[in-house]
Structures are given as C-alpha cells and as structure tokens.
1. In whole Hz, what ³J(HN,Hα) sequence does the range 260-268 give by Karplus (6.51, -1.76, 1.60; θ = phi - 60°), x for Gly and Pro?
2. In a GNM of the chain with a 10 Å cut-off on Cα contacts, which of 24, 43, 253 has the highest mean-square fluctuation?
3. May I ask you to evaluate 6.51 cos²θ - 1.76 cosθ + 1.60, the Karplus curve with θ = phi - 60°, for each residue of the range 106-116 and list the ³J(HN,Hα) values in order in whole Hz, giving x for glycine and proline?
4. Using the alpha-carbon centroid of each, what span in Å lies between the range 3-51 and the range 222-266?
5. In whole Hz and in residue order, list the ³J(HN,Hα) couplings for the range 127-144 that follow from phi through the Karplus curve 6.51 cos²θ - 1.76 cosθ + 1.60, θ = phi - 60°; x for Gly and Pro.
6. Please work out, to two decimal places, the log10 of the ratio I(q)/I(0) at q = 0.25 Å⁻¹ from a Debye calculation in which every Cα of the range 105-204 carries one identical scatterer.
7. Extending each Cα 7 Å along its Cβ direction at residue 264 and residue 239, get the distance between those two points in nm, one decimal.
8. Of all DSSP beta bridges located in the range 7-286, what percent are antiparallel, nearest 5?
Amino acid sequence: MTSPTITISPSGAALGAELRDVRLENLSEEEFHAIHRAWLDHLVILFRGQRLTDVDLIAFSRRFGELDWAPVQETGRRFVEGHPDFYVVSNVIENGVPIGSLGAGEAVWHTDMSYLEVPPKASMLYALEVPPAGGNTYFCNMYRAYESLPASLQLRISSLELKHDATYNSGGYVRQGLSAVDDPVASPGVYHPLVCIHAETGRKVLYLGRRRNAYIGGLPPAESEALLDELWFYASRDEIIWRHEWRVGDVVLWDNRCTMHRRDPFDPRSRRILHRTQIKGQAPRSG
Ligand code: OGA
Ligand code: MN
C-alpha cells in the first residue's frame, strides 16, 4: 500500500508497520493523513533513519494532538530544560544523577500512564543512542487479546472495572511522592473499564495497564488475582506480539489504547538514550 510518497511495510506480525520514504521534520498534510491512517491500522509504526531535533520531535508529535506533560522522572526532575512534555528514557548516569528513567533492567508489560483518569492516547520514542545488544521493545495487540478470549470470559468482564496502580513504574521504581504499597486493594490508582471502546476505531479492546497491584473492583482479592492471571495469559501470547530492535534514528509511535509494551534488559555498562513524547487522549469508555 502506498500514498503518493510513503511506503507502508507491515511487520507480518499481529501489529506494527515500517513507513519508508518520509522525513518527519517536513511533512505535507497528505503525508500526515497517510501516517495517521497507518497508525490506526497497524497500532505501532516505525520510521527509521530520522535526524530530528527535540523541536522537530515535538512538532511531529503535536500533529496528533496536544501533548501531555511527561511523568516526573525517578529522580524527581523533569528533564529536558524548557520541554516539560519530554520524557527521557535512559540508563546513563551523569555526575551521579540518572539523566532519565527506567534504568537498564526489564520494563514489564504495561501501557503508558494508565493510572491517570485521562491517559495519553499515544507515545512516541526517538532513539538517540542504543546498546549493541538487548533493550528490544515488544508490543502486543489488545484488540486481538480481547477477540481471543472465550465468549464466557468476554461476558464476565464486560461490566467490570480495573484499578490501575499508580505506585510503581514499569521499571519497578516507586513513583515520585508515593510510598511502596503492595496491597492491590489499598494501593492508589484509578479505575477504568476492563473492556474499552477505542475512541477512533470504535473497536473493543482489553485494557489491562499493568499487572502489579492491579485490582478488579468489587471482587474478593483472590478472585481478582485469578481472573487477572487468566486475562494476562491471553494478553501475552506470542501470536499477538511484535518485537522491535532499535537503531539510532528510529522513531516509534504506538497507540496506548490498544497496545501494551515491554522492554528487555541490557548491559548497564552500555548507553541507551531515547526521548519520548506523549499525546493527550480521552478518558477510556466502556464497551
Ligand atoms: C516508554 C517505555 C520502553 C523502552 O518509554 O514508555 O516503556 O524501550 N520504554 O525503553
Ligand atoms: Mn512505557
């Protein structure tokens, strides 16, 4: 499939496509339209070989909507001076202080900032430095996760709400200003429907956020745990996953409403630096 200039090359997996022959710092309306369509169709889109300034990255991100402020980083700072909408993902330590979040360990399956009433609809990462090995990022298709559930399970969860824990980030770090709470019933967070309707495609998704401290409202804790384990089984099957191996200059844009992602650990002695923006969404609605 091609627009007048852009080539769209699907990954062959359940989601993901690479878009070629496009320079993101200089897009026509027509090109943007083709990119937006490809993003809704493929859930995660990849552009390789980009050379963007921070201002270019923000300008491209803004074409999708207003930006959300980045979460506060693990040191309590917001990083790129003058750009509160930038989140730095990095293991690099300068003068004893990490320049970004998530370290060099695994980042477990999650969707971004689902502990907010209104989570961002999209996140975009731009790779400035990548390690020689490891640090790959995996995405899963949550339309497919929903569709693969047995009908009885779809029915059972159709009116349930899930509490999305605000305590821990995907790297296992406690968020700024909060203290570690390991009781899913008591931990702070916000409730969203387990089955949501995607605001732009109208399709149903399973909306899980992250596993740690998750709690299905109203259920006895053991029942909530068992049901969540069952749902997570469907959400992390190989058939619905695409793996991305980073190169410098990659831009990856994903849809937080219908995907989750996780990251492999990498050698902490190597350097990995990515800049992230996040695009404002709407409160998730039930389906
Ligand atoms: C993120 C994230 C994973 C990675 O930026 O939201 O989860 O590959 N990053 O570093
Ligand atoms: Mn993330």
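1. In residue order, the calculated couplings are 10, 9, 9, 10, 5, x, 8, 4, x Hz.
2. In this elastic network of the chain, the residue with the biggest mean-square fluctuation among 24, 43, 253 is 24.
3. Computed from phi, the couplings for the range 106-116 are 5, 9, 6, 3, 6, 10, 5, 6, 6, 7, 9 Hz.
4. 21
5. Result, rounded to whole Hz: 8, 9, 9, 10, x, x, 8, x, x, 5, 10, 10, 10, 10, 9, 7, 5, 5.
6. -1.44
7. 2.4
8. Numbers: 52 of 56 bridges.
Of all bridge pairs located within the range 7-286, approximately 95 percent are antiparallel.
Bear in mind these aren't lab numbers, they're just calculated from the coordinates by the rules spelled out. Predicted model only: the values in this text are computed from it and were never measured. Because the Cβ atoms are built from the backbone with ideal geometry, glycine has one as well, and the counts that use them run over all protein chains shown.
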